[in-house]
Amino acid sequence: MIFAIKRLFQIVSSKSVLKLVWNCKNISEFHNFVSLLLFKMSKSQSFLYPIAPKSKTVDNFHGTEITDLYRSLEDPDSEITKDYVEQQNKISQPFLEDCPEWKKFNEKITKLWNYPKYTCPWREGDNYYFFKNDGLQNQSVLFKLKNLNDPDPRVFLDPNQLSEDGTVALSTTAFSDDGKIFAYGLSESGSDWIKIKIKDVETDREYGEVLEKIKFSSIAWTHDNKGFFYSQYPDQDGKTDGSETQANENEKLFYHRIGDPQSNDTLCVEFPNEPIWRTDPIVSDCGKYLILNVVKDCRDNMVYYADLEKEGHITKNLTIYPIINEFEADYEYITNNGLNMIFRTNKDAPNYQLIVIDFNNPNKKHWKTLIKEHDTDVIDEVLCCAHNYLIISYMHDVKNVLKVFDLTSGNYIRDFPLDIGTVSLSGERKFTEIFFTFISFLNPGTIYRFDFANGIQSEPEVYRDIKLNLKKFEKEDYIVEQIFYKSRDNTKVPMFVIRKKTKEVQPRPCLLYGYGGFNVSLNPTFNITGLMFIDTFDGVLAYPNIRGGGEYGEKWHNSGRLLNKQNVFDDFQHAAKYLINNKYTTKNKLMIQGGSNGGLLVGACINQTPELFGAAVAQVGVMDMLRFHKFTIGIAWCSDYGNPSEKKEDFENLYKYSPLHNVHEPRNDIEEYPSTLLLTADHDDRVSPLHSLKFAAALQDAVRSSKFQNKPILLRVYTKAGHGAGKPTAKKIEEATDIMTFAFKSLEIDQVNL
């Protein structure tokens, strides 16, 4: 220990070190001093990065030739790629896991994670169901209740019994209308591919058939309880385990009869001339109609329907009738009275409205408005329940507001009071009771029950209050602020800032998290890793609701997509500037993080303004914006990004910010990249790992000989994991530990509470 301290003293001048040591009042301050000194040492680290083989492949985009230097890394099965991944992990894993603090962070995160987690209960037939995780179970367990007062819930399905390492996940569930048969989809190693199995509710008997080649499909039971609709892809060349990159095309709608092999399933609908169209089946609340949503990307859908009573036994292609036959807006089926169908839509209503379409007379001029668009608040979620009521969750400045309306007249009835947070709903039209879960940055979840049979003006009751297994955690010790800052074009952008209560704001380590795309809102949520960041480093969490999301409806989304995508990056960078200028943090204390489209956000920002950030974590990011549409389901993202192959203006726009194509060699201190950690997984068939592999190769090649780049550029590739859905708890904790360790080693941390 003495030798180590002496070695540290050699890093800086002896006088300054002795003065700092002399001023340490206790062992804690001395530990903080040593941490800062280690940070200074880390600045001088050098890394021998793997050299990726370069390709001479040239693509021509509308007359512009682009050389793809790292094309060979697109093949996940080549020895070149496997060797490259192995070499990268040999650098990143020791950097993280050999740090003495890794084990301490892991122990603390494990302790924080270890509390019972519940979902809203819901009713199916004569039974109630809910998911529960005792704390550290890899997958949540599905429980069955005879009634809400049942003191002995029975395990109905435990995915943890399906694999030793917890990498088999329950990804979708659907009960028959009478609640007596259960269909469920299982995914393996984080892949989007699922296999559907079926079991009897009362006897637990598994039916023999297994349905395969399924991805992005719902399960829609017919009300005779004899079978269900689902969507299936045809056989494709090569493997389909989630590690492949082949584009997903030619999805078709099938009907499965219980007890039959999949080979006997009826092909109901297909669009052979539209290979990228996908189908999403819904059986109407009355059971008489099939509502078929048709999508081709991540926004706007067409609507068809079939009369199931007229069809009778489903043994051939369905006759489908077009209701909406162009991709112009979003339409979400809510419920129906006969052929009067109620939809949530943003057609002529950027904040969404509820409309009634008479399927007997579907011309737009005959549509009726049931609940009109709000001037400022967005209709976020709608639930029809208790036969004649609509529960609508509005989003007001990124906070949910819950209102009740009459289904027939559309008249407002009442509010349910809520704090700042996010609500998820559970209930059905045929039942009088609903459940809703309220969560916030400081509340892991409060589940409420409301029964319309008790009177419309009665109050919701707390059904379950989820608690942490921590005596130290007190909500009163923290503060949640919502501030509005100006972006580059003076647009006001909201941002939540969570920190410990102090008399005044002081620069602290800060984690800035963003997404900004696909109409996805970054709502208040409870995040264990974020809570640990605050508690361990006396840190700050910041969540800017940047453009591209759905926080303010379709206008907010549109202002951050296609040719407006740069607004997303500007909003995020100005969030960082606001936090620095207002003393929440400093550049060397600031780490940015984002996943998927948020990984693209991080990649673009470290290229554009590396001087703003001390560290960056990009998880499963979209990094090659000229070829994203070539792999798995990537073609669907053209609705947000554009298509570089088909439109010159899209190519020119994407080329400007594509992380892979805008990597630079640091030529001065300002251009030095922040410490960067790229995270991906070998079974991610949503955003293929090739994006992160190619970006890492470009970054490391650019900084390899730069005397101005002292901070690490690391790539970590996890095994038997995917894009995120279904990830077992053990792998979540491992990844969270890696991120915490990376923050500790990369930022100026002056205090560590373990």
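Using modelled backbone amide H atoms (1.01 Å from N, in-plane), which distant-in-sequence or interchain residues come within less than 5 Å of Trp277's amide H?
Counting only residues 5 or more places away or on other chains, the set is Asn250.
Per 0.36 nm of contour for each residue apart, how much would the distance between Phe431 and Asn317 grow if the chain were fully extended, relative to their Cα-Cα spacing?
Value of the extension gain: 37.7 nm.
Given a Förster distance of 51 angstrom, what is the FRET efficiency for Gln236 paired with Thr502, based on the Cβ-Cβ distance and rounded to 0.05?
0.35
Around Phe431, which amide H atoms from residues at least 5 apart in sequence, or from another chain, sit under 5 Å from its own amide H, with H modelled in the peptide plane?
Those lying under 5 Å, H to H, from Phe431 are Ala386, His387.
For the stretch 47-63, what does the Karplus curve 6.51 cos²θ - 1.76 cosθ + 1.60, with θ = phi - 60°, yield as ³J(HN,Hα) per residue in whole Hz, taken in order and with x for Gly and Pro?
For the stretch 47-63, the Karplus curve yields 10, 8, 6, x, 9, 6, x, 9, 10, 9, 5, 10, 10, 9, 10, 6, x Hz.
On C-alpha positions alone, give me the angle between the axis of helix 690-703 and the longest principal axis of the chain, in degrees, nearest 10.
20 degrees
Mind jotting down the distance between the C-alpha centroids of the stretch 561-583 and the stretch 396-448, whole Å?
32 Å
Between 0 and 90 degrees, rounded to the nearest ten: what's the tilt of helix 528-537 against the longest Cα principal axis of the chain?
20 degrees
Quote the FRET efficiency, to the nearest 0.05, computed for Leu48 versus Glu164 with a Förster distance R0 of 35 Å and r equal to the Cβ-Cβ distance.
0.45
Structure shown: which of Lys492/Lys745; Lys239/Lys316; Lys503/Lys589; Lys365/Lys492; Lys630/Lys656 lie over 28 Å apart, alpha-carbon to alpha-carbon?
Lys492/Lys745; Lys239/Lys316; Lys365/Lys492
Could you put Val505, Val401 in order, starting from the residue whose Cβ has the fewest other Cβ atoms within 10 Å?
Arranged by neighbour count, lowest to highest, Val505, Val401 become Val505, Val401.
Over what distance in Å are the Cα centres of the stretch 222-291 and the stretch 321-392 separated?
25 Å
So, R0 is 30 Å and r is the distance between the beta-carbons of Ala453 and Asp134; what FRET efficiency does that work out to, to 0.05?
0.35
Separation between the Leu267 and Ile670 pseudo-spin-labels, each 7 Å from Cα along Cα→Cβ, expressed in nm?
6.2 nm
If each DSSP helix of 4+ residues adds -39,500 (n - 2.57) and the sum is divided by the residues in the chain, what number results at 222 nm, nearest 500 deg cm²/dmol?
After summing the helix terms and dividing by the residues of the chain, the value is -6500 deg cm²/dmol.
Where does the charge balance sit around Val85 when Lys and Arg score +1, Asp and Glu -1, over other residues with C-beta under 14 Å from its C-beta?
Result for the neighbourhood of Val85: -3.
Which one, [x] 27.7; [y] 38.4; [z] 33.3, gives Kirkwood radius over Cα pairs in Å as derived from the coordinates shown?
Label [x] holds the value from this structure.
Hey, what angle do you get for helix 566-581 against the long axis of the chain, alpha-carbon based, 0 to 90 degrees rounded to 10?
Roughly 50 degrees between the two axes.
Cα centroid distance between the stretch 653-713 and the stretch 94-153, in Å?
Result: 36 Å between the Cα centres.
Any idea how far apart Ser78 and Asp406 come out in nm if each label point goes 7 Å out from Cα toward Cβ?
6.7 nm
Which order results if His574, His387 are arranged by neighbouring Cβ count within 10 Å, fewest first?
The order, fewest Cβ neighbours first, is His387, His574.
Which far-off residues, 5 or more places away or on another chain, put their amide H under 5 Å from the one on Tyr115, with H placed in the peptide plane?
Under 5 Å from the amide H of Tyr115 lies no amide H from a residue far enough along the sequence or on another chain.
Using a 10 Å cut-off around each Cβ, can you sort Leu562, Leu754, Leu112, Leu678 from fewest to most neighbouring Cβ atoms?
So the ranking, lowest neighbour count to highest, is Leu754, Leu562, Leu112, Leu678.
Residues in the stretch 616-639, backbone N under 12 Å from the label point at Lys647 (7 Å along the Cα-to-beta-carbon vector): list them, ranges by number please.
638-639
Here, each number is a calculation from the coordinates, and none is a lab measurement. Quick caveat, the model's predicted, so the values are computed rather than measured. Neighbour counts run over all protein chains shown; Cβ positions are idealised from the backbone, glycine included.
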